[in-house]
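K.L.:
Structure in C-alpha cells, see below.
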Amino acid sequence: MSILDLAQWRASQPDISLAALSVLNELMYLQKPLPHALTMMTGINGLLEQHNTAKHQSEMYTDKFRELLRLYTDRYWSKMLQQNDLLESFLKSLYCCTISKNGALDFTEKLEIWTPIIKGIVLSSKQNRYNDVFYQLVVEIMRRILFEFNKSELELLDNELMEENTQTEWQQFLSQCIECVALLAESRPNAVFAQVSAQWTRPHVYLLSLENDLDSGKLYELGRKLRSQSFNEYLRDLSTVCQAVVRLSPLLDASSPEVGAEVTSQLKLLTENLLTLLKFFSSNKIATLNLDKSTFQTDFDYLYAQILTALRSILPISINLKQDEVIQCLLDALGVILLPDNVAVAPVVAISASQLLLCISTVIRPKRLLETLFVLRLMQAGPKLAHLPRQAIANIYISLTGYLALPWKTIEEQQQDCSWRCNHLCEYVKCVAQNLLELDSHASVSKISSIMPNNLSIFSEVIEYFKDSCNTTKDMLANAFKPIITKALMLFNNFGISNNVISISAAEFSLSILRSLLNQFGAQFIKDMIALYITVSSREQLSFNQLAVLEKILQMFQIIVQQPGNTWTTMLPSILSFTIDQVLPLIQQHDSSLVDGTDLSSMVYVLFDSVLLHKWQYFYKPHVQYNGSLLHTSSDNMHPEHFMAILNAYGQVLVSGNDPNLVRKVLLSMQTVNERWRLFQRALFQDSLLTSFQRALINILLSGEGSLHFDLLANVLYAMGQVDNLKLRESFVTAGFPVNPKYLDVICLSTDIPTFSQKLSQLIQDAHSVHLTQT
C-alpha cells in the first residue's frame, strides 16, 4: 500500500513517483504470484484515476505507467474478472486514459493494454456487461484511423518505407488499430462490422460527386476537387475502411438466426457501394483527364486495389455477389485491368484483380465462366501478359488451371466432363508454355536463360497450389504439365549442371513435381528423372558454383527417401553413392557454413538421417530380431559400405565440432535412429564404431562446446553404455579423467538417465577444475 501511494504523480517529487513505479513494475515481472491481489487491484485502479486527472506528468513517468498497466492486465485479468465492480471501474478509467490526446505510439501502446482483458472477457462469456465500453473503444479507434481526431499528431506519421521495415509508420499504426478492432469483434462480429461499415458513407459520397461532376461536364469544379488536400484524405479514409472490412469479414456469421438478416442487409449495401466504386474506377474516367495526377495517383491506385480486395473478402459470404449479373460485372472490370491492349494499371491494382479472379474461379466456380468473353480472351492471350507483374500472371494461370482441373460444385460426377476439361487444360498449358516448348538444343544459351526461369517458376507455383487436391485434379495436371517437365529435363541434359540458371530452374520445377504430383507421374518416370540428375551432375567435378542446384537435388533425394514402401528403395544405391562420393567431399573442404545462402552440409546430414529412419530395410532385413546382446553379426548388414560411410560422416562432424548446429543434428539423429532401430546394438556398429563414437562424445563434453549439447550428449552416451558399459568405462579411462576409478564405475553402471546425467555433469566439472588448477 505504501508503494502504491508513493507511485502517485507528485510534481514536486517526481523521482519518488518514478522509483515507486519501477518497484511495482519489477514486482509484476516476477514469475510467482504476488500476495494481496485485491489490495494491488484497488491501488492500481486508484493510480489510474489519479493519472487521468493529473496534469504535466513527465514523459518518463507516463511511459513507466503504461508499462505498469500492460504488465498488470497481463498478470491480473483472470482475478479482475472475479471482481465485476473493480473491473467495470478499471475499464472506464482505462478508456478515458486511452482516448486522451497523445501521439500515435502512445495510443497503440495503450491498445496493447486492452488485449488480455478483451480476450479474457470473451472467454468468460461476460462480454454483454461490458459491450458499451467496447463499442465506444471501436468508435474511438475508427475516429483516429480516419483522422477525425488528433489529426495533427497522426499526420506526423511517416508513410515512406524504410529499408529495414516491411511497413511504413502509418501502415504499422493502421494495422495495430485494425487488429484491436478485430479482437473486439470476435465476440460480436456483426455489431462491430456494422460500426465499421457505417464509416463508409462520407468518403463514398464525395467520390460519387466527382463522377457526377465528370458526367455533367463540370471540369473546372472537378479539377479543383482533385487538386485539393481533402481529395487525398477521402481516398485514404476509404482505403482504411476497406482494410477494416477485409479484416472483419472472415469473422461474420450470416447463418446466425439472430443477426443473419442484419448482416445480409449490411453486406448488400456494402456490396452495392463497392460495385459502384469499382465501376467508376474501371471506367478510367480520371485517367483520361488532361491534368497533373502526381499528387493523388498513388493513393488513387491504392484505393482501387483495396476495393478489389474488399470485394474478394466478402465474396464467399455475400449473396448478391454470387448472382450471375454481378459476377459478369466483376469480370468486365477485371477484363479492363488484366487484358492486354487496355490502359496500363499500377502493379498493386493488377495483383489485387488477379486475386479476385482466383477467388471467383476457385471458390465461387460458376460453371459458365469459360463462356464469358473476358475469360476466353484471357485464355487466348496465353503468354502475352508481360504487361502484368509476375504475381498477377501466376494468379491468372492458377485461376484458369484451377477452373479446368478442380471439380465443379453441386455437379454430379458423371456430368463433370473430366475428359473435355482435361483436353482444354492441356491446350491451355501448351499455349502459355509455347515459348518454352519451342526451345531446343539449337537455341542460344541466353535465350533459354531468359525464358526458363520466368516460365518454370510460375508453373511451379501453379502446381504447388493444387498439391492437396483430389487425385482426379492431379491426374489432369500431370497430363498437362508432362511436356513441360520433359522439355526442362531435356534442356538440363543438354546444358549440364555448369549453367546455373538452366539447372536451378529445371531442379526447382522438378521439386514441385515431386512435392505435388509424384504418384501421378509414376515410379518409372520419377526414377528416370532422378537418374538423369545424378548422371548429368556426375559428368564433371563439382564445385562451389553449383551449391544452389545441388541443394535442390538433395531436396529431391529427401522426398524420394521419405516415401513409404519399397518401391523407391532401388534408387538408394545411386542416391547414396552420389551424395557420399561427390557431394560429401565438397562440403568437407569447407569448415563452416557454405556461401551463397545455401547450407548444403545441413541438407546432406538431413538426408542421411532420413535414410536411416525411413529406409532402414536397405541395410537390415525386417525379420532380424534382437536376441538379447548383439543383433546377429556384422555380415547381416546388406550395404555396409554406405552404412559405414554415413556414420563415419557423422563421426567427422563430432570430431571437428566446427558447426554446433550440425553437431546437434547428428546427435539427434543418432538418438532417434537408436530408439527406433536399436542402432547401437547392431553388431557392425559395436564392432567398428562404438568405441570411437564414445571417445568423440567424451571429447566434446570436455571441450568448450560441451555445455551447449550436454543433455543430448548424456542421452547418447547413456544409450551406448547400456549396450556395453565396459567399453564406456574404457573410453572414460582413455580420456584421462583424474578421478577415482570407482567413481567411473558408478557412472557407467547407472540404471537411469537422471542419475547418469547428474554424475556425468559432476565428473566434467571436476575435470575442468583440475585442469584450471594445473594451468
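K.L.:
Report yes if ILE314 is surrounded by 16 or more Cβ atoms within 10 Å (Cβ to Cβ) and under 29 Å from PRO189 (Cβ atoms), otherwise no.
P.N.:
Criteria met by ILE314.
K.L.:
Here's another thing I want to ask about it. Six or more apart or on different chains, Cβ under 7 Å: which pairs go from a residue in segment 65-90 that's without any contact (Cβ under 8 Å) to a residue 24 or more places away in the chain and more than 16 Å from ASN52 (Cβ to Cβ) to one that's crowded, with 16+ Cβ neighbours inside 10 Å and not aliphatic (A, V, I, L, M)? Could you list them?
P.N.:
Close Cβ pairs satisfying both conditions: none exist.
K.L.:
If you don't mind, there's one more thing I want to ask. Could you tell me which residue of segment 19-32 is farthest from the chain's Cα centre (by Cα), considering only residues that are touching a residue at least 40 places away in the same chain (Cβ under 8 Å) and open to solvent by 30 Å² or more (accessible area, probe 1.4 Å)? Break it down into steps so the answer makes sense when it comes.
P.N.:
So in segment 19-32, the residues touching a residue at least 40 places away in the same chain (Cβ under 8 Å) come out as 21-22, 24-25, 28-29.
Narrowing further to those that are open to solvent by 30 Å² or more (accessible area, probe 1.4 Å): 22, 29.
Numbers: SER22: 38, TYR29: 31 Å.
Among those residues, the one meeting the criterion is SER22.
K.L.:
In segment 423-473, how many are open to solvent by 20 Å² or more (accessible area, probe 1.4 Å) and either within 23 Å of CYS359 (Cα to Cα) or assigned to a helix (DSSP H, G or I) (or both)?
P.N.:
Here the count works out to 28.
K.L.:
Please count how many residues of segment 710-761 are of a type in the set (D, E, K, R) and surrounded by 14 or more Cβ atoms within 10 Å (Cβ to Cβ).
P.N.:
5
K.L.:
Continuing with the same structure: Search segment 404-421 for residues being open to solvent by less than 20 Å² (accessible area, probe 1.4 Å) and assigned to a helix (DSSP H, G or I), and hand back the single one that is nearest to LEU385 (Cα to Cα).
P.N.:
Among them, the one singled out is LEU404.
K.L.:
Quick one: LEU511 ticks every box in (1) touching a Phe, Trp or Tyr at 6+ places or on another chain (Cβ under 8 Å); (2) under 29 Å from SER601 (Cβ atoms); (3) of a type in the set (A, V, I, L, M) bar one, so which box is it?
P.N.:
(1)
K.L.:
Taking ALA478 as the residue in question, decide whether it is aliphatic (A, V, I, L, M), part of a helix (DSSP H, G or I), under 33 Å from the mean Cα position of the chain (by Cα) and under 15 Å from LYS552 (Cβ atoms).
P.N.:
On the way: aliphatic (A, V, I, L, M): yes; part of a helix (DSSP H, G or I): yes; under 33 Å from the mean Cα position of the chain (by Cα): yes; under 15 Å from LYS552 (Cβ atoms): no.
When the stated conditions are applied, ALA478 does not pass them.
K.L.:
ILE497: crowded, with 19+ Cβ neighbours inside 10 Å, part of a loop (DSSP other than H, G, I, E, B), among the β-branched types (Val, Ile, Thr) and under 32 Å from the mean Cα position of the chain (by Cα), yes or no?
P.N.:
Answer is yes for this residue.
K.L.:
Just the residues that are polar (S, T, N, Q) and under 36 Å from the mean Cα position of the chain (by Cα), please, taken from segment 70-102.
P.N.:
Passing the criteria: THR73, SER78, THR98, ASN102.
K.L.:
Something else about it: Give all pairs with beta carbons closer than 6 Å in which a residue from segment 476-494 that is open to solvent by 10 Å² or more (accessible area, probe 1.4 Å) meets a residue that is not in a helix (DSSP H, G or I); count only pairs at least 6 apart in sequence or on separate chains.
P.N.:
So the pair list comes out as ASN494/SER441.
K.L.:
Then there's this: Being open to solvent by 70 Å² or more (accessible area, probe 1.4 Å) and either in contact with a Pro (Cβ under 7 Å, 6 or more places away or on another chain) or among the polar types (S, T, N, Q) (or both) is the filter here, so list the residues in segment 531-553 that pass it.
P.N.:
Across segment 531-553, the qualifying residues are THR535, GLN541, ASN545.
K.L.:
Now, a different point. Of the residues in segment 711-724, how many are in contact with a Leu (Cβ under 7 Å, 6 or more places away or on another chain) and either at pLDDT below 90 or of a type in the set (Asp, Glu) (or both)?
P.N.:
1
K.L.:
State whether the residues of segment 281-295 include one that is at pLDDT 85 or above and within 36 Å of the chain's Cα centre (by Cα).
P.N.:
yes
K.L.:
Would a scan of segment 284-302 turn up a residue that is touching a helix residue (DSSP H, G or I) at 6+ places or on another chain (Cβ under 9 Å), part of a helix (DSSP H, G or I), closer than 30 Å to ALA191 by Cβ and open to solvent by less than 40 Å² (accessible area, probe 1.4 Å)?
P.N.:
So far as segment 284-302 goes, no, none of its residues is touching a helix residue (DSSP H, G or I) at 6+ places or on another chain (Cβ under 9 Å), part of a helix (DSSP H, G or I), closer than 30 Å to ALA191 by Cβ and open to solvent by less than 40 Å² (accessible area, probe 1.4 Å).
K.L.:
Taking the conditions exactly as written (out of contact with any helix residue (DSSP H, G or I) (no Cβ under 8 Å at 6 or more places or on another chain) and at pLDDT 90 or above), does ALA381 satisfy them or not? Break it down stepwise before answering.
P.N.:
Details: out of contact with any helix residue (DSSP H, G or I) (no Cβ under 8 Å at 6 or more places or on another chain): yes; at pLDDT 90 or above: yes.
Yes; evaluated as a whole, the condition is true for this residue.
The values are calculated or read from the model by the stated rules, or taken from the named source; none is laboratory data. All figures in this text were calculated on a predicted structure; none of them were measured in a lab. When we count neighbours, we look across all protein chains shown, and the Cβ atoms used for this are built from the backbone with ideal geometry, even at glycine. These accessible areas exclude ligands, DNA and RNA; they are computed on the full protein's heavy atoms, side chains included. Shrake-Rupley method; radii C 1.70, N 1.55, O 1.52, S 1.80 Å.
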